[in-house]
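Data block below; observations after.
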Amino acid sequence: MSEIGRRIKQAREEKGLTQSQLAAVVHCSPQAISNWEIGNRTPSYEDLQRLAEALGRPRSWFLGEEMPLLPLQSAWQEVEQMRARLDYLSALLRQTTQAFLPPVTVGVSDEEEERILLQWVLDTEQDMPSLVKQVERGEIRWATLIALCDELIRAAVRLRPRYHNQVLRPAALALRQIARALGDQGYRREAIEAGEQAAKLFDELDDPSCRQDALLNLYNLALFYLGQGELEKAREYGEVAASAEDWTVLWRAWGLLAELEYNFALQPDDWELTYCQRMLTLADAHEEDDPEQAARARCLAYEIQGNFYFTHGQYAAALEAARQELQESRKSPQHRVANAHLDVAQYALALGNTEEAFAHLAQATKIIQALDAKALKARAHAHYAEAYRLIGQVEQSRIEAHQGLQVAWECEALWPMILCEMAYAAACTASEQWAEALFHAREALNVARRMGLQPYQQRIRGLIEEIQTQSLQAARHQEQPPAVRPRLRAV
């Protein structure tokens, strides 16, 4: 049992709470409380804050400090909170990253130290695929990749004069893999930083064999910028990536340009979805060469098709595309499988099929919990909120939407944020809380504008108009005097 876990259990028992009761207060599962207490998992900083509020202890106490004897003034409390957060994060980083950081060298020459550091960079690049998989499975925290990114950049800067290509190439390749892994989990700011650093190193390389890796990194960056709503930057990098000769880079670049063309423009010129058809044709042509890569290309093509049909009101076609996406996702990483389940759930809900939606949400939730993928978790909350609203459980719908918003804000996931705001607005409309419904609908519109999602802006404006209309009708109904019943003549 870890020190944090021991103290969580001690404070819970002193409060007289069961694990289930505490879980209900801090909005998590009883299993999460159990894992924290026995040391299988470590609570995030936000989880620790909620535990501190629920159990009446300062966060620093859970990290090993004793309770203060005297109450602190508000200014000192703020200092204490910041210091506790820094202590927590630094302790967490020490626990999770020590085994992966450069070895400590003492009593060796500068030349020998640089040789050891170069070997560490080479080993890190070789081990990166395995390390990323461990992080995705939840065995290692995401903070490890962020810390590794910083160390790789320092190593490249230091070793560049002596080793140049020998260090730049493995460092760039490792940073590209880190950027992609962070971006897939919704850590887009950190992903963009790692990807831009990789792009700088690729630019310095005198190695034509790295061209395809450099273009793949630009595609990743374009994808991250797209998620942040920086459309011009996304298009710039996407068009460069589309010059690739390697088909595994080309289908990805086509997919990104398809997103910009079909799902960000209000009235796309290409209603035949030409980019998606090209991706499917390219995947079929390379099925025998690389069936896993071909399946990923088809998965993305069907995902884009489904979103296109959904935003243009063709819900049955969207659902069929999502089912094909799910079928192709079986050979993809687990976050792609979860995303496909969420797509099926979203489009099933648009058709009122709550039974199918709940089934796929349950499947997605299992994967998301194992991955600790916050952006997907926020999106799942949004779809759960809509599902509960459709079956008449409006209060549960509001709870799901609220929890989704908390997660989305925490990881700055804009797309799930839109879905959660819309779900919250719909739940408030169902309970005739018009002011709150309008607030959340307008928040959704603001985020959609920030992302440049024109079709969704149009949908949200329609939602706002519907809320305003219903609000006026309800107000007029309340103002009408009660009907006077006519007297009946005596017979």
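Summary of computed values
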read-out	value
Residues being without any contact (Cβ under 8 Å) to a residue 24 or more places away in the chain and surrounded by 22 or more Cβ atoms within 10 Å (Cβ to Cβ) - total across the range 389-427	1
Single residue of the range 38-57 satisfying the filter (in a loop (DSSP other than H, G, I, E, B) and closer than 22 Å to Gly404 by Cβ) that is farthest from the chain's Cα centre (by Cα)	Arg41
Counted residues, the range 303-343 - those being among the hydroxyl-bearing types (Ser, Thr, Tyr) and over 20 Å from the mean Cα position of the chain (by Cα)	3
Residue pairs meeting the criteria (Cβ under 9 Å; at least 6 apart or on separate chains; first under 18 Å from Leu414 (Cβ atoms), in the range 213-225; second not in a helix (DSSP H, G or I))	Phe224/Glu230
Some residue of the range 163-177 being closer than 30 Å to Leu414 by Cα and in contact with a Pro (Cβ under 9 Å, 6 or more places away or on another chain)	yes
Answer residue from the range 3-15, given it is modelled with pLDDT of 85 or more and either of a type outside the set (D, E, K, R) or not in a helix (DSSP H, G or I) (or both) and is surrounded by the most Cβ atoms within 10 Å (Cβ to Cβ) among those	Ile8
Residue under evaluation Ala294, criteria (1) over 28 Å from Cys210 (Cβ atoms); (2) in contact with a His (Cβ under 7 Å, 6 or more places away or on another chain); (3) aliphatic (A, V, I, L, M), criterion not met	(1)
Condition broken by Ile304, with the remaining ones in (1) without any contact (Cβ under 8 Å) to a residue 40 or more places away in the chain; (2) closer than 19 Å to Gln327 by Cβ satisfied	(1)
Criterion (over 28 Å from Glu151 (Cα atoms), surrounded by fewer than 23 Cβ atoms within 10 Å (Cβ to Cβ), of a type in the set (D, E, K, R) and in the same structural domain as Cys149 (by TED's automatic domain parsing)) met by exactly one of Glu193, Glu236, Glu204	Glu236
Helices (runs of 4 or more DSSP H) enclosed by the range 240-344 - at least 3 residues per element that are over 23 Å from Gly227 (Cα atoms)	274-285, 291-311, 315-328
Checklist (1) in a helix (DSSP H, G or I); (2) modelled with pLDDT under 65 applied to Pro129, failing item	(2)
Filter result for the condition that a residue is acidic (Asp, Glu) and farther than 23 Å from Arg137 by Cα, over Glu410, Glu432	Glu432
Which numbered condition Glu193 fails, given (1) acidic (Asp, Glu); (2) over 17 Å from the mean Cα position of the chain (by Cα); (3) within 15 Å of Ala172 (Cβ to Cβ)	(2)
Flag if Val167 is β-branched (Val, Ile, Thr), buried (at least 22 other Cβ atoms within 10 Å of the Cβ), assigned by TED's automatic domain parsing to the domain that holds Glu196 and part of a helix (DSSP H, G or I)	yes
Residue match in the range 29-37 (condition: touching a residue at least 60 places away in the same chain (Cβ under 8 Å) and under 27 Å from the mean Cα position of the chain (by Cα))	no
The lone exception for Ala348 - which of (1) crowded, with 17+ Cβ neighbours inside 10 Å; (2) out of contact with any helix residue (DSSP H, G or I) (no Cβ under 6 Å at 6 or more places or on another chain) it fails	(2)
Test: residue in the range 176-189 that is surrounded by fewer than 18 Cβ atoms within 10 Å (Cβ to Cβ), without any contact (Cβ under 8 Å) to a residue 12 or more places away in the chain and in a helix (DSSP H, G or I)	no
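Yes or no, residue by residue, for (1) under 29 Å from Arg41 (Cα atoms); (2) surrounded by fewer than 18 Cβ atoms within 10 Å (Cβ to Cβ); (3) within 19 Å of the chain's Cα centre (by Cα):
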position: Ser109; (1), (2), (3): no, yes, no
position: Glu114; (1), (2), (3): no, no, no
position: Asp123; (1), (2), (3): yes, yes, no
position: Leu131; (1), (2), (3): yes, no, no
position: Glu136; (1), (2), (3): yes, no, yes
position: Leu152; (1), (2), (3): yes, no, no
position: Arg158; (1), (2), (3): no, yes, no
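Yes/no matrix, rows are residues, columns are (1) farther than 28 Å from Cys299 by Cα; (2) modelled with pLDDT of 95 or more; (3) not in a helix (DSSP H, G or I):
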| residue | (1), (2), (3) |
| --- | --- |
| Gln363 | no, yes, no |
| Ala375 | no, no, no |
| His383 | no, yes, no |
| Ala387 | no, yes, no |
| Ile399 | yes, no, no |
| Val447 | no, no, no |
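Residue by residue, here is whether (1) assigned by TED's automatic domain parsing to the domain that holds Arg41; (2) buried (at least 17 other Cβ atoms within 10 Å of the Cβ); (3) under 24 Å from His312 (Cβ atoms); (4) under 22 Å from the mean Cα position of the chain (by Cα) holds:
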site: Asn353; (1), (2), (3), (4): no, yes, yes, no
site: Phe358; (1), (2), (3), (4): no, yes, no, yes
site: Ile368; (1), (2), (3), (4): no, yes, no, yes
site: Lys374; (1), (2), (3), (4): no, yes, no, yes
site: Lys377; (1), (2), (3), (4): no, yes, no, yes
site: His383; (1), (2), (3), (4): no, yes, yes, yes
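The values are calculated or read from the model by the stated rules, or taken from the named source; none is laboratory data. Computed from a prediction, not measured in an experiment: that's the story for all the values here. All Cβ positions, glycine included, derive from the backbone under ideal geometry; neighbour counts span all protein chains shown.
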